[in-house]
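Q: Below: one structure in structure tokens.
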């Protein structure tokens, strides 16, 4: 996981509509960059819907929300449509950004060890510096926590 006070790595990923986004595109805005394991799963859906419901409040505070998982552009589009999400979902199937941000880690489930995305949220300031890094966040609580931090 990235440390608070470090420069957030720039990236180039496609969103649910196939449009390319770079972190540097958001210079001058606060960015909520959150990493989640999988589209259309219970926890990930709660987190995404929480961010979507609060998106107008995030915008009022000058922040944009970017969700990242290793799911495909097509999967992200279905996730957006299924839950009427109102923010950008970025596809990282090659794990480049996921690894650059230190969220690809060992996970244990029922005693089995696998590699996967650890649910993590970063608050990045207007100049691209990580001002808050939260690992192992609770999906349902994370959107409200982030809103309160702004």
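Q: Output the residues belonging to segment 31-46 that are buried (at least 19 other Cβ atoms within 10 Å of the Cβ) and in contact with a strand residue (DSSP E or B) (Cβ under 7 Å, 6 or more places away or on another chain).
A: Within segment 31-46, 31, 32, 33, 34, 35, 36, 39 qualify.
Q: Another question, if that's okay. Looking at residue 14 and the list (1) exposed (fewer than 13 other Cβ atoms within 10 Å of the Cβ); (2) touching a strand residue (DSSP E or B) at 6+ places or on another chain (Cβ under 8 Å); (3) modelled with pLDDT of 95 or more, which single condition is not satisfied?
A: Going through the list (1) exposed (fewer than 13 other Cβ atoms within 10 Å of the Cβ); (2) touching a strand residue (DSSP E or B) at 6+ places or on another chain (Cβ under 8 Å); (3) modelled with pLDDT of 95 or more, residue 14 breaks only (1).
Q: Restricting to segment 30-46, what's the tally of residues that are under 18 Å from residue 97 (Cβ atoms) and not in a strand (DSSP E or B)?
A: Looking only at segment 30-46, we keep the residues that are under 18 Å from residue 97 (Cβ atoms), and these are 31-39, 44.
Narrowing further to those that are not in a strand (DSSP E or B): 36-39, 44.
Matching residues across segment 30-46 total 5.
Q: So residue 50 fits all but one of (1) within 17 Å of residue 134 (Cβ to Cβ); (2) touching a strand residue (DSSP E or B) at 6+ places or on another chain (Cβ under 7 Å); what number is the exception?
A: If we test residue 50 against (1) within 17 Å of residue 134 (Cβ to Cβ); (2) touching a strand residue (DSSP E or B) at 6+ places or on another chain (Cβ under 7 Å), just (2) comes out false.
Q: Among what's in segment 66-81 and is part of a helix (DSSP H, G or I) and out of contact with any helix residue (DSSP H, G or I) (no Cβ under 8 Å at 6 or more places or on another chain), pick the residue that is nearest to residue 48 (Cα to Cα).
A: If we filter segment 66-81 for residues that are part of a helix (DSSP H, G or I), which is where we start, we get 73-81.
Pick out the ones that are also out of contact with any helix residue (DSSP H, G or I) (no Cβ under 8 Å at 6 or more places or on another chain) and you get 73-78, 80-81.
Details: 73: 16, 74: 17, 75: 14, 76: 11, 77: 13, 78: 13, 80: 9, 81: 12 Å.
Checked segment 66-81; the qualifying residue nearest to residue 48 (Cα to Cα) is 80.
Q: In this structure, is residue 85 in a strand (DSSP E or B) and surrounded by 15 or more Cβ atoms within 10 Å (Cβ to Cβ)? Can you show your working first?
A: Working: in a strand (DSSP E or B): no; surrounded by 15 or more Cβ atoms within 10 Å (Cβ to Cβ): yes.
No; evaluated as a whole, the condition is false for this residue.
Q: For residue 114, only one of the following conditions fails: (1) more than 26 Å from residue 28 (Cα to Cα); (2) touching a strand residue (DSSP E or B) at 6+ places or on another chain (Cβ under 6 Å); (3) modelled with pLDDT of 95 or more. What is its number?
A: It is condition (3) that residue 114 fails.
Q: While we're here: List every residue pair whose Cβ atoms lie under 7 Å apart, where the two residues are 6 or more positions apart in sequence or sit on different chains, the first residue falls within segment 1-20 and is within 16 Å of residue 35 (Cβ to Cβ), and the second residue, located anywhere, is surrounded by fewer than 17 Cβ atoms within 10 Å (Cβ to Cβ) and at pLDDT below 95.
A: Within 7 Å, the pairs are 1/135.
Q: Right, something else. Restricting attention to segment 106-126, report how many residues are over 16 Å from the mean Cα position of the chain (by Cα) and under 27 Å from residue 144 (Cβ atoms). Outline the logic, then answer.
A: Initial filter on segment 106-126 (over 16 Å from the mean Cα position of the chain (by Cα)): 106-115, 126.
The next check asks that each one be under 27 Å from residue 144 (Cβ atoms); those that pass are 107, 109, 126.
Looking only at that region, the number is 3.
Q: Can you pull out every residue in segment 96-140 that is in contact with a helix residue (DSSP H, G or I) (Cβ under 8 Å, 6 or more places away or on another chain), surrounded by fewer than 18 Cβ atoms within 10 Å (Cβ to Cβ) and outside any strand (DSSP E or B)?
A: 128, 140
The values are calculated or read from the model by the stated rules, or taken from the named source; none is laboratory data. Quick caveat: nothing in here was measured; it's all calculated off a predicted structure. Don't worry about glycine lacking a Cβ; one is built from the backbone with ideal geometry, like all the others, and counts go over all protein chains shown.
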